[in-house]
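Note sheet for the following structure.
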Protein chains: 2
Amino acid sequence: MSTGDRPRRPTVSHVAAEAGVSRGTVSRYLNGGHWVSPEAEAAVAAAIRKTGYRINPHARSLATQRTNSVAFLLTETFERLFEDPNFARLMRATSAALAERDVSLVFILAGSPAERRRARDFITQGHVDGVLLVSSHQGEPGLIEEIHRAGVPIIACGVPLGFERKLGWVAADDEAGAREMTAYLRSLGRSRIATIAGPRDTSGGVQRLVGFRSELGDDFDADLVEHGDYSEASGRAAMSALLDRDPTIDAVFAANDLMAAGALAVLAERGISVPERIAVGGFDDAAVATETRPALTTMRQPFDRISQEMVRLLLQVIGGEKPAAITLPTELVVRDSA
Amino acid sequence: MSTGDRPRRPTVSHVAAEAGVSRGTVSRYLNGGHWVSPEAEAAVAAAIRKTGYRINPHARSLATQRTNSVAFLLTETFERLFEDPNFARLMRATSAALAERDVSLVFILAGSPAERRRARDFITQGHVDGVLLVSSHQGEPGLIEEIHRAGVPIIACGVPLGFERKLGWVAADDEAGAREMTAYLRSLGRSRIATIAGPRDTSGGVQRLVGFRSELGDDFDADLVEHGDYSEASGRAAMSALLDRDPTIDAVFAANDLMAAGALAVLAERGISVPERIAVGGFDDAAVATETRPALTTMRQPFDRISQEMVRLLLQVIGGEKPAAITLPTELVVRDSA
DNA sequence: CTGAAAGCGCTTACAG
DNA sequence: CTGAAAGCGCTTACAG
């Protein structure tokens with residue numbers, strides 16, 4: 001493998017010389033081909049092919065003050081990333097949406113303080129044009145604040161608590177979704193409906209609880225609320241606690257599918273039939289929703305659309321527009337658990 | 001959110017003016033502080049603090065012809081990434097090793113032809129100084145070839161079939177590990193030992209089979225070999241096939257833990273006791289090895305060390321050294337399945 | 001130890 | 001439509 005003797009790469013100058021035009025013309029060709037004659041175009045194209053020219057992204061970024069790449073910032077740990085399938089779905093959809101517009105994605109995982117410091121440095125240094133902020137938790141107001149202050153556009157996935165007005169964001173309509181699920185549970189004739197709520201430092205966590213509560217109105221019973229952290233284990237723990245506390249429960253709304261799966265497991269262990277004795281509803285429509293027994297009735301989050309809108313918004317803001325906030329509807333998916 | 005009016009960032013010139021020194025001195029300070037007097041150092045440090053100066057990585061890269069970042073190239077799909085825990089372990093360990101040396105990691109997933117094309121462009125364009133190639137499969141000789149030809153240093157994880165002599169690499173000693181596991185199974189008194197081998201386009205897959213076979217010598221029976229693709233499902237399928245074909249089997253060596261877990265599941269379903277009637281050995285010592293019932297006896301791959309060595313090697317090659325090939329030993333971990 | 005100057009490889013008004 | 005020239009923000013011999 002040769003390294004030290006890596007041959008010098010061709011530059012626009014080489015291409016220009018080869019094509020018999022100026023560097024400016026080559027550059028124009030490279031940037032859309034406007035204002036370059038058919039002849040020049042052909043000559044440059046041929047010269048590029050012949051020389052094997054590849055653009056130097058650093059030189060270009062230095063000149064344009066643009067990097068043509070954005071960060072996908074996940075303030076979570078490796079464990080959480082591989083545990084919660086929603087992250088993967090967002091990553092893949094975002095990645096696709098970005099590829100379509102030819103901007104590259106830099107994936108940054110910042111679960112520890114040290115990683116967050118590095119992430120901040122990387123981002124505020126100008127490595128990317130903007131950031132897609134994806135995290136379930138409120139996370140690090142400090143990090144967000146610093147990135148924001150450095151003038152780097154941010155679009156959040158979900159309502160960014162504390163930054164609702166400062167950042168652009170796109171979120172599912174958590175409150176409406178929770179109301180709809182709760183109403184559906186009631187329509188089944190259930191009257192003792194419990195909920196396994198999400199984390200309180202998450203807008204999804206609080207809004208789904210708000211929706212649940214407001215739909216129930218006077219029937220709301222604070223004793224029928226347990227909080228989880230969106231993990232399956234927390235769903236099991238919450239379901240157990242709920243059952244021990246009140247044996248009359250006839251339905252449960254879990255704030256995400258992973259916790260619902262945990263609840264289902266506990267119910268199965270205790271020999272409580274679902275949906276006969278207790279109906280269970282989840283949120284997300286994650287892959288696990290079709291794998292549980294019985295399959296999970298849930299509220300589908302439009303992850304693909306969320307990702308597309310995030311990308312569109314971010315690119316808009318990078319382009320100089322003011323950031324917008326977008327709320328997308330969820331959809332009830334009825335399966336067997338309720 | 002302000003964007004269009006992003007204030008101009010301070011540059012070395014501003015810092016130099018503020019500190020009352022030349023830009024060269026500021027640059028020297030930024031690059032290790034050699035040949036700068038204590039007074040100048042203090043002045044520059046103060047000026048940086050005061051101006052809030054952040055280095056412009058593109059300008060630096062353009063000048064140095066270095067990016068100070070490397071790619072973690074995974075030629076797999078999203079599904080595989082989230083399915084096979086080995087990737088996550090390598091990512092996290094690599095990421096840590098790189099952070100220690102202050103070089104950033106760009107994670108690239110290239111599972112489809114289109115993604116591979118983009119990956120190639122990105123890499124050969126000069127976005128990174130080198131690449132850590134991580135993939136179970138032989139993958140894309142074309143991609144590797146092009147990156148290699150562009151002069152970008154590559155270190156592979158596992159022996160890169162077809163490029164053993166051209167690229168640097170670090171791999172676990174698959175053959176020796178497989179021999180050791182097989183020998184261990186025999187030491188338990190087992191004589192009808194089957195194997196669920198890995199994919200044939202993987203050096204790990206072939207070498208583990210080679211080790212298994214050579215340890216068995218004349219006792220090797222081609223009927224007791226089934227191939228899987230490292231997924232749990234393939235482990236189940238292989239175990240079923242093996243059992244249907246030969247009921248005298250008293251031990252199984254699976255080429256990775258995921259397939260071993262699949263085998264264990266089938267054995268449990270058929271009511272075959274492990275390890276009493278059939279002993280099962282895996283490979284990797286993945287997290288799943290401690291979660292199966294019974295817990296899995298396996299060969300531990302030194303993922304942390306592999307990652308560290310990959311990073312060390314790559315940085316060496318980037319620094320101009322010739323690439324080396326490193327083979328690391330595996331370790332037998334005895335649990336309950338054998 | 002330090003400064004002046006050239007150079008890294010692009011892009012972009014500007015004048016034509 | 002095209003070229004000459006300045007500029008993006010660093011680093012690095014070189015001379016002192």
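The values are calculated or read from the model by the stated rules, or taken from the named source; none is laboratory data. Predicted model only: the values in this text are computed from it and were never measured. Glycine also receives a Cβ, built like all others from the backbone with ideal geometry; neighbour counts cover every protein chain displayed. Just so you know, the surface numbers come from the protein's heavy atoms only, side chains and all, with ligands and any DNA or RNA stripped out. Shrake-Rupley method; radii C 1.70, N 1.55, O 1.52, S 1.80 Å.
Can you tell me which residue among B:Leu90, B:Leu62 is among the aliphatic types (A, V, I, L, M) and more than 16 Å from DNA strand D (Cβ to nearest atom)?
B:Leu90
Run A:Gly130 past the list (1) under 25 Å from B:Val128 (Cβ atoms); (2) more than 16 Å from DNA strand D (Cβ to nearest atom); (3) open to solvent by less than 20 Å² (accessible area, probe 1.4 Å); (4) more than 10 Å from chain B (Cβ to nearest Cβ) and report the number of the one that doesn't hold.
Just one mismatch for A:Gly130, condition (4).
Among A:Leu143, A:Leu109, which is among the aliphatic types (A, V, I, L, M) and more than 11 Å from every other protein chain (Cβ to nearest Cβ)?
The conditions single out A:Leu143.
Could you tell me whether the stretch B:134-143 includes any residue that is free of Cβ contacts under 8 Å to residues at least 40 places away in the same chain and under 22 Å from B:Leu74 (Cβ atoms)?
Within the stretch B:134-143 (the criterion being free of Cβ contacts under 8 Å to residues at least 40 places away in the same chain and under 22 Å from B:Leu74 (Cβ atoms)), the answer is yes, since at least one residue qualifies.
Every residue in the stretch B:94-118 that is of a type in the set (Asp, Glu) and free of Cβ contacts under 8 Å to residues at least 24 places away in the same chain, please.
Correct list: B:Glu100, B:Glu115.
Got a number for residues in the stretch B:149-189 being surrounded by fewer than 19 Cβ atoms within 10 Å (Cβ to Cβ) and out of contact with any Leu (no Cβ under 7 Å at 6 or more places or on another chain)?
Result for the stretch B:149-189: 14.
With respect to B:Glu175, is the statement that it is charged (D, E, K, R) and within 14 Å of chain A (Cβ to nearest Cβ) true?
no
Examine the stretch A:28-51 for a residue that is within 35 Å of the chain's Cα centre (by Cα), of a type outside the set (Gly, Ala, Ser), near DNA strand C (Cβ under 8 Å from one of its atoms) and open to solvent by 60 Å² or more (accessible area, probe 1.4 Å), and state whether such a residue exists.
Yes, some residue in the stretch A:28-51 is within 35 Å of the chain's Cα centre (by Cα), of a type outside the set (Gly, Ala, Ser), near DNA strand C (Cβ under 8 Å from one of its atoms) and open to solvent by 60 Å² or more (accessible area, probe 1.4 Å).
Here are some conditions: (1) more than 9 Å from DNA strand C (Cβ to nearest atom); (2) open to solvent by 70 Å² or more (accessible area, probe 1.4 Å). A:Arg60 meets all but one. Which one does it not meet?
(1)
Quick one: which residue in B:Ile196, B:Ile123 is among the β-branched types (Val, Ile, Thr) and within 11 Å of another protein chain (Cβ to nearest Cβ)?
None of the others qualify; the one that does is B:Ile123.
Of all residues in the stretch A:82-105, count the ones that are over 17 Å from A:Glu309 (Cβ atoms) and either surrounded by fewer than 21 Cβ atoms within 10 Å (Cβ to Cβ) or in contact with a Phe, Trp or Tyr (Cβ under 7 Å, 6 or more places away or on another chain) (or both).
7
Return yes when A:Thr77 is β-branched (Val, Ile, Thr), under 30 Å from A:Ala156 (Cβ atoms) and either more than 41 Å from the chain's Cα centre (by Cα) or more than 16 Å from DNA strand C (Cβ to nearest atom) (or both) and no when it is not.
So A:Thr77 passes the test.
Are there any pairs with C-beta distances below 6 angstrom linking a residue in the stretch A:52-68 that is free of Cβ contacts under 8 Å to residues at least 60 places away in the same chain and facing chain B (nearest Cβ under 7 Å) to a residue that is open to solvent by 50 Å² or more (accessible area, probe 1.4 Å) and within 8 Å of DNA strand D (Cβ to nearest atom), with the two at least 6 apart or on different chains, and if so which?
That search, which allows pairs on different chains as well, returns A:His58/B:Leu62; A:Ala59/B:Leu62; A:Leu62/B:Leu62.
If the Cβ limit is 7 Å and pairs must be 6+ apart or interchain, which residue in the stretch B:9-22 that is open to solvent by 40 Å² or more (accessible area, probe 1.4 Å) pairs with which residue that is more than 10 Å from DNA strand C (Cβ to nearest atom) and not in a loop (DSSP other than H, G, I, E, B)?
Listed pairs, sorted by first residue: B:His14/B:Thr51; B:Glu18/B:Ala47; B:Glu18/B:Lys50; B:Glu18/B:Thr51.
Among the residues of the stretch A:310-324, how many are under 16 Å from the mean Cα position of the chain (by Cα) and either open to solvent by 30 Å² or more (accessible area, probe 1.4 Å) or facing another protein chain (nearest Cβ under 7 Å) (or both)?
Adding up the residues that qualify gives 2.
Which number in (1) more than 8 Å from DNA strand D (Cβ to nearest atom); (2) within 14 Å of chain A (Cβ to nearest Cβ); (3) more than 30 Å from B:Ile123 (Cβ to Cβ); (4) surrounded by fewer than 13 Cβ atoms within 10 Å (Cβ to Cβ) marks the one condition that B:Glu79 misses?
(3)
Please go through the stretch B:103-133 and give me each residue that is more than 22 Å from B:Pro160 (Cβ to Cβ) and touching a Lys or Arg at 6+ places or on another chain (Cβ under 9 Å), ordered by number.
Selection gives B:Ser104, B:Gln125, B:Gly126.
If a residue counts only when it is touching a residue at least 12 places away in the same chain (Cβ under 8 Å), farther than 26 Å from B:Ala171 by Cα and of a type outside the set (Asp, Glu), which helices (runs of 4 or more DSSP H) contained entirely in the stretch B:222-338 have at least 3 such residues?
Qualifying helices (runs of 4 or more DSSP H): B:232-245, B:257-269.
Listed residues A:Ile278, A:Ile272; which is open to solvent by 10 Å² or more (accessible area, probe 1.4 Å) and more than 18 Å from the chain's Cα centre (by Cα)?
A:Ile272
Can we say A:Ile155 is within 14 Å of chain B (Cβ to nearest Cβ) and either of a type in the set (Val, Ile, Thr) or touching a Ser or Thr at 6+ places or on another chain (Cβ under 6 Å) (or both)?
yes
Test B:Gly158 against the criterion of being free of Cβ contacts under 8 Å to residues at least 12 places away in the same chain and assigned by TED's automatic domain parsing to the domain that holds B:Met310, and give yes or no.
no
Here is a check on your reading of the model: is A:Ala286 crowded, with 17+ Cβ neighbours inside 10 Å and not β-branched (Val, Ile, Thr)?
Against the criterion (crowded, with 17+ Cβ neighbours inside 10 Å and not β-branched (Val, Ile, Thr)), A:Ala286 qualifies.
Within the stretch A:108-123, how many residues are surrounded by fewer than 19 Cβ atoms within 10 Å (Cβ to Cβ) and under 27 Å from A:Arg60 (Cβ atoms)?
2
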